[in-house]
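S.K.: Okay, handing you the structure first.
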Amino acid sequence: VGEWDHRVEAMFRLLCLASALLAVAATSEEETYQCYSDYSFGPVAAATHKGLAMDDTSYRWCSESIPDTWPNAEEAVTSMRLFKAWDASWQDDRALAYENLRNFVTRNGAKVLMGVSITCSAEADAQEWIWAKELLQILGPDHIMGLAIGNEVELFFTKSKSQVPQSCVDDLWDGGSFWARFQAVVQEFDDLGFEGVPVTSVFGGLALAGDETNIFYEQPNQALVNSFFLNATQLYGDRYAWTWNVYPYFDPAEVLDEGTDDSCEVARAKSLCWDVTCDAPKSLAYYRKQMTKLTGRSDDIMWIGETGWSSSGSTNTEMKNCKNWASKDSLTQYYDNFLQWDMSVSEVRPPDHAFYFSIRDALNYGNDEHFGIIEQCFMTSCKLHSEDFEAPPAPIPTHPGCYYQQMTAGNGECDGPWEFWKLDEFGMTDPDVMSGESEANCLARKSGHDGFCGTDTVWMFVPEATSSTTVMEVTTSEASTTGATTGEETASETTSTSLQDTTTGDSTTGGTTGEEEAQTTEDASTSLEATTTGDSTTTGTTGEEVKTTEDASTSWQATTTGDSTTAATSFKATSAGVSTTEGTTTTAEPPVAAVTFDTELEMSDVSKFNASVFAQTLAILSDVPAENVVVEKVEFQVTVRYSFEGLLSQAEVVQTIAVAAGVPPSSVHVVLSMARRLEAQQMFVATIMAEDASAVAKIEAGMNDTMKVTAAIANLSLNASAALVASPTTSVLVTAKFKADSEILEVEVPESNALSSQLAEAFGTDVSATVVLAATTTTASTSTAPDQETDAEDTVDEDHACSPPVVLSLVSAILLLLFR
């Protein structure tokens, strides 16, 4: 087996083993985060050329809630700007944030513009770069669209000297340390295997303030922007991407309406829109012309690093007096118009990509900023919705920290009301408060907050988990009652609430035990294991009980041994345990266990697939009785790669492929391929699901015919042309299960190459098999002591499939990109 085969198999196994672990640990199928609203602004124009900028709040506190689709629009988010990999002041779980970001880019096939800071502290910058290199290697070159080194460094001289000393400005610009550090970072970036990936530094509008001598800003002891651009574009050529932050919101030239002291409708009319006559696109056209003057090239890579609008707050311009400038109405118009913008600008080449700032409202140097399109972590609603819209209730947070509920707006000095558990960002980041460090610090925040804001809040503390066993307990600061034998926690006369996370080697609270095994990952051998037992009960501030119960304990374990010639996977499932609640004893009997997995068979002739032959081959290779192999599902698909000249949204590409293939749009899934960076050219991998084997040939023929795709574009009145990049491939997706009636099931799933050769011989056609591992499931029966009540549902039988059709489609796309 070649090294690439082994690495690809290992990648698929790790991805699916992690997915299965999460599924077993949850009581329901895993759901990705998306906010709710009754406002819809979709579809998103040129969606694959747009992305979100990650605010520090979302990344630090709730990275598990990165939205997979654009808020208020049903379109996948396929790119993300990350300002930094981590910050030295963040005393949080860096590995968790890395993992959640990796999960996001894997699910969406997304790319990240990775940021690295340039500050007055070379030591702090060096540490941040170390963290960035960690994350770069986790995400890999396929998920990195560029590296941004420094953000608006040209503005340092405008900061207060206590914040940025003049010596720092002189060193960075006149002393050349900015340019030297830029080159050093790029060299290390290339050494990591990212050669050719675009590099950039992000600048704002001040950089455009050139003079007769210099195209861009060039002032000694302030900022030498023109010199930097000359150096960067000469050394890196067209690899250097020009990145601009564009904010009509901060435009100092805007003035109030004539004859008024609080109205700015003229300014709003030209600042909130995104057609070619509006402020932002006009600025971008000017940026492009200035870039061309410097390099002589009209097609350099150009990105919008961030743009956005604040829903409240103030500016340092005359617009601070305008009642509607910083408002939800202005944000609604600006965001909606941005989503509908087709990236066009007047007379010159449009920007290649644009990032919208930001996902959530965030703190900036201790001050609230309101640029988010979601207000806070753990909110279920989008920021933009009608006044009477009601979103689903938010869950009780489990991320460590200090939280509060504020049911009224108070005296207007503070934001709110917050009917969900809001993170106390201010107190957790204030070095004099540090409300996230202890329960006492958290609960002590109530008096100061309520006094300043004129509110009556309830507070809750979630501590760090320190071992693998977790018992959740809700207490109150004034009065609480805990059921010693029933495991119930109730609250009365609640003013402040703490959610305490006690971790011990073997804990029992109210007769209930919760246990979670740890997760270990190694390079050549990977073991993932999880165990869940017992009941958990949580009581909110109103005394209402929320209860989650698992009747039988379930243990799931998988071990993958990496070997370039004998890579195989062994599964073991066990189930046992006794849980006691209020005198009732439930004992798990020997279970029925099964291993479910998915296989993709790339076949030149899918009509030769035979489910019985497939099952028999699995039985022989895995050394199990034939009757213990069950083929549960068979699906047929065609995968093809097309490029499109012109800007099409993902939804438009789906419609085009569906028309050409003669299938409904629901049968088509597309993923943007950025493997080749061609200006104004989009490349998509399309996967089309067929009703049966007989329909595959028709779909394949349609996808092989570029004229059909071109005709479909014309029929849909789209402005683009199509070209076939890679001929269609046909494949069969098979979900199979090994089952057994024993307490312990141990079975070796066939290695992909061995399965390929055996099936090719059995089917009489070329077969390339990729085994995509899933989960072990157990069904446990229980016996209950006499005269005791038992739940109506006494079994646990959940089939946690690793890869639904969309995930398998992504797998196909990844394979196609790797081996074409």
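The values are calculated or read from the model by the stated rules, or taken from the named source; none is laboratory data. It should be emphasised that the depicted structure is a prediction, and the values quoted were computed from it without experimental measurement. As a convention, Cβ positions derive from the backbone with ideal geometry for all residues, glycine included, and neighbour counts pool all protein chains shown. When the accessible area is computed, the model is the full protein with side chains, heavy atoms only, and any ligands, DNA or RNA have been set aside. Shrake-Rupley method; radii C 1.70, N 1.55, O 1.52, S 1.80 Å.
S.K.: Projected onto the charge dipole of the range 94-136 (+1 at Lys/Arg Cβ, -1 at Asp/Glu Cβ, origin at the Cα centre), which of A126, L96, A110 gives the Cα projection farthest towards the positive end?
M.R.: Result: A110.
S.K.: How large is ³J(HN,Hα), in whole Hz, for each residue of the range 144-156 in order, when computed from phi with the Karplus curve 6.51 cos²θ - 1.76 cosθ + 1.60 and θ = phi - 60°, using x for Gly and Pro?
M.R.: Values per residue, Gly and Pro as x: 10, 8, x, 10, 9, 10, x, 9, 6, 5, 5, 8, 4 Hz.
S.K.: I want the local charge near V734. Using Cβ-Cβ distances under 9 Å, sum +1 for each Lys or Arg and -1 for each Asp or Glu among the other residues.
M.R.: Net of charged neighbours comes to -3.
S.K.: If you average the alpha carbon positions of the range 134-162 and of the range 615-629, how far apart do those two centres end up, in angstrom?
M.R.: 53 Å
S.K.: Tell me the Kirkwood radius of the range 85-215: reciprocal of the mean inverse pair distance over distinct alpha-carbon atoms, in Å.
M.R.: Hydrodynamic radius (Kirkwood, Cα pairs) of the range 85-215 is 16.2 Å.
S.K.: Give me, ordered by chain and number, the residues 5 or more places off E632 or on other chains with an amide H under 5 Å from its own placed amide H.
M.R.: T735, A736, K737
S.K.: Now for a separate question. Whole Å is fine, so just give me how far the alpha carbon centre of the range 395-439 lies from that of the range 88-128.
M.R.: Using only Cα atoms, the two centres lie 24 Å from each other.
S.K.: Additional query: Return the carbon/sulfur percentage of the accessible area of the range 96-221, one whole number, probe 1.4 Å, all protein chains in place.
M.R.: Taking all protein chains in place, the range 96-221 shows 51 percent carbon and sulfur surface.
S.K.: Please give the peptides 274-284, 141-151 ranked by average Cβ packing (other Cβ atoms within 10 Å per residue), highest first, as a rough proxy for protection.
M.R.: Final packing ranking: 141-151, 274-284.
S.K.: Find the centroid of the Cα atoms in the range 223-267 and in the range 329-375, then give the distance between the two in whole Å.
M.R.: Between the Cα centre of the range 223-267 and that of the range 329-375, the gap is 14 Å.
S.K.: Here is a follow-up. When ranked by the protection proxy of mean other Cβ atoms within 10 Å per residue, highest first, what sequence do the peptides 40-49, 129-138 form?
M.R.: 40-49, 129-138
S.K.: Among L230, F203, P281, pick out the residue whose Cα is farthest towards the positive end of the charge dipole of the range 177-309, where Lys and Arg carry +1 and Asp and Glu carry -1 on C-beta, about the Cα centre.
M.R.: L230
S.K.: If the chain between V630 and T710 were fully stretched, how many nm would it gain, using 0.36 nm times the residue separation less the Cα-Cα distance?
M.R.: Extending this stretch completely gives an extra 24.5 nm.
S.K.: Another question, if that's okay. Taking the Cβ of N226 as the centre, find all other residues whose Cβ is under 10 Å away and add up their charges (Lys, Arg: +1; Asp, Glu: -1).
M.R.: Residues near N226 contribute -2 overall.
S.K.: Quote the FRET efficiency, to the nearest 0.05, computed for T260 versus S607 with a Förster distance R0 of 60 Å and r equal to the Cβ-Cβ distance.
M.R.: With a Förster radius of 60 Å, E is 0.20.
S.K.: Within the set of other residues whose C-beta is less than 13 Å from the C-beta of L113, count the net charge using Lys and Arg as +1 and Asp and Glu as -1.
M.R.: +2
S.K.: Here's a follow-up. For the range 198-280, would you read off the P(r) tail past 20 Å as a percentage of all alpha carbon pairs?
M.R.: 51 percent
S.K.: So which lysines pass the test for K84, namely a Cα distance under 17 Å, with those fewer than 8 places away in the same chain ruled out?
M.R.: Cα-Cα hits under 17 Å: K111, K133.
S.K.: Working out 0.36 nm times the residue gap between Q166 and D68, then minus their Cα-Cα distance, what length gain in nm do you get to one decimal?
M.R.: Going from the current span to full extension adds 31.0 nm.
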